[in-house]
1. Relative to 2.2 N^0.38 Å, what does the C-alpha radius of gyration of the stretch 9-59 come to as a ratio? Two decimals please.
2. Quote the convex hull volume per residue of the stretch 77-128, based on C-alpha atoms, as a whole number of Å³.
3. If you stretched the chain out fully between ASP72 and THR10, how much longer would it get, using 0.36 nm times the residue separation minus the C-alpha to C-alpha distance?
4. Using label points projected 7 Å from each Cα along Cα→Cβ, tell me how many nm separate ALA91 and THR49, to one decimal.
5. In the chain, if every C-alpha pair distance is counted and binned at 5 Å from zero, what percent goes to each bin?
Amino acid sequence: MESPWPGPITAITLFAEDLAATKAFYLEVFRLPLSYEDEASAVFSFGNTLINLLDATEAPALIAPGSVAGPDAGARVQFTLGVDDVDATCALLAERGVTLLNGPMDRPWGIRTASFRDPAGHIWEIAR
């Protein structure tokens, strides 16, 4: 029997101009152990999804003939993590040196959110 398509997202690769700083941010903010690391990447497990931080200089080989946009090109994606208490998580993030982009705020569609950016420019949202 074939698996249904599409299946779950198993990995997301994020390009980082400063891999060392981005890896340090993930270690400090998310407090997750590295699942894998080499000179060009650092991989973290977010539940059943792997987040692969890849040195941006390696990215063209993955996406050619597509082009790699720099972190100043603007946000094109946001990752959302569910939390029990947005305000308490914001306080924890502040202790870990994170500056919020917005929030905490109540959204018109009934959830409370806040968002922040990693050193490579990727946007993360926490929501309840």
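1. Ratio of Cα Rg to 2.2 N^0.38 Å: 1.02.
2. Taking only Cα atoms, the stretch 77-128 has a hull volume of 71 Å³ per residue.
3. Computed gain between ASP72 and THR10 is 19.6 nm.
4. 2.8 nm
5. Taking all Cα pairs of the chain, the binned fractions are 2, 9, 18, 21, 19, 15, 9, 5, 1, 0 percent.
Quick note: the coordinates plus some simple rules give every number you see, no bench work behind them. As the structure is a prediction and not an experimental result, all values here were calculated from the model. Because the Cβ atoms are built from the backbone with ideal geometry, glycine has one as well, and the counts that use them run over all protein chains shown.
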